[in-house]
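Written out below as structure tokens is the structure these notes cover.
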Amino acid sequence: MRHYGYRDLAVLVSERGHYSLGKAADVLGIGRDQLISIPADSQNRICIDALEDTLAQLNHDNIKPVAIVGVAGTTETGSIDPLNALADIAEREGIHFHVDAAWGGATLMSNNQRHKLAGIERADSVTIDAHKQLYVPMGAGMVLFKDPSVVASIEHHAEYILRKGAKDLGSHTLEGSRSGMAMLVFACMNIISRRGYELLIDQSIDKAASFATMINQHPDFELVSDPELCLLTYRFVPARVQAALAMASEEQVDLIHSLLNDLTKFVQKRQRESGQTFVYTYKVNAGAVAASYHHGV
Ligand SMILES: *Cc1c(COP(=O)(O)O)cnc(C)c1O
């Protein structure tokens, strides 16, 4: 980048971005500090104003943003960044637009739900994990490029394997010898098929919505995040504790939240041990622990 007159480069993603982006920064050797995290709003979506401010600052500091990453379904709450707004900015600034749809990408298989990912079609590249909501065994991560020829930016050949002209994508990926996971993806696409996936996606989103309604109606539970997809977070807060919280001092509120955090962890552990459900704990911004419900995983 110095050759082009820049001081450095940066990759931008919301603070809810997946930890694997940090790994990618390590592998690329750009340094963790160059993966810049942008604040998210109360709905866990990237703040566009904050992104614009950061871009202005980077421009001022002569640092070139090489990629903006939109998250289409955060792992904890299934929140989707405003993809069209991100695409507009990336287009205006000439920045590569990547969408991390590892979790939420399968939603595209549903004609009824696809609109939630509007703008994803404008991405230069998209990650989708088939081992999440496409129900393929681990690990079947995929990255799709709008312009397939860009994979040629990285290309390695050897005499004994991956010879020039070989169709093996190992010449473009970090792994050379790879398992044949593509066969399982291919099989599932044919056996479950679009209509099957649509059914699975629609039903899981419906179930999460019903579960959210049940939580909202129950006096002893609190919905922490509304489900956009099939994920939601909630916690057990007995009605009497809710009443106590409403009239507690700041110090008492902190104490009650800390006790509730321990209680949430305890409940989740017992639930996991009983083996009937898949709920894990997630620390939301303020440090409160919520239980995260993943339908179908
Ligand atoms: C699961 C996930 C990834 C990738 O994680 P893997 O463990 O490699 O599958 C990336 N981003 C998001 C949002 C995810 O949910």
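The values are calculated or read from the model by the stated rules, or taken from the named source; none is laboratory data. Source: prediction; values computed, not measured. Positions of Cβ are generated from backbone atoms using ideal geometry, with glycine treated the same way; all protein chains shown enter the neighbour counts.
Worth pointing out:
- When the criteria are applied in full, Ala25 meets the requirement of being outside the structural domain of Phe278 (by TED's automatic domain parsing), within 16 Å of the ligand (Cβ to nearest atom), of a type in the set (A, V, I, L, M) and surrounded by 14 or more Cβ atoms within 10 Å (Cβ to Cβ).
- So Val224, is it outside the structural domain of Tyr135 (by TED's automatic domain parsing), crowded, with 17+ Cβ neighbours inside 10 Å, over 22 Å from Thr74 (Cα atoms) and touching a residue at least 12 places away in the same chain (Cβ under 8 Å): no
- Residue within region 96-119 that is at pLDDT 95 or above, away from the ligand (no atom under 16 Å from the Cβ) and among the β-branched types (Val, Ile, Thr) present: no
- Check on Lys146, touching an Asp or Glu at 6+ places or on another chain (Cβ under 6 Å) and either in the same structural domain as Phe97 (by TED's automatic domain parsing) or within 16 Å of the ligand (Cβ to nearest atom) (or both): yes
- Every condition in (1) outside any strand (DSSP E or B); (2) modelled with pLDDT of 95 or more holds for Leu12 except the one numbered (1).
- Per the conditions (1) under 14 Å from Glu121 (Cα atoms); (2) within 16 Å of the ligand (Cβ to nearest atom); (3) not small (Gly, Ala, Ser), the sole criterion not satisfied by Arg45 is (1).
- Given (1) in the same structural domain as Ala101 (by TED's automatic domain parsing); (2) at negative phi, number of the condition Arg163 does not satisfy: (1)
- All told, Val126 falls short of being assigned to a loop (DSSP other than H, G, I, E, B) and within 12 Å of the ligand (Cβ to nearest atom).
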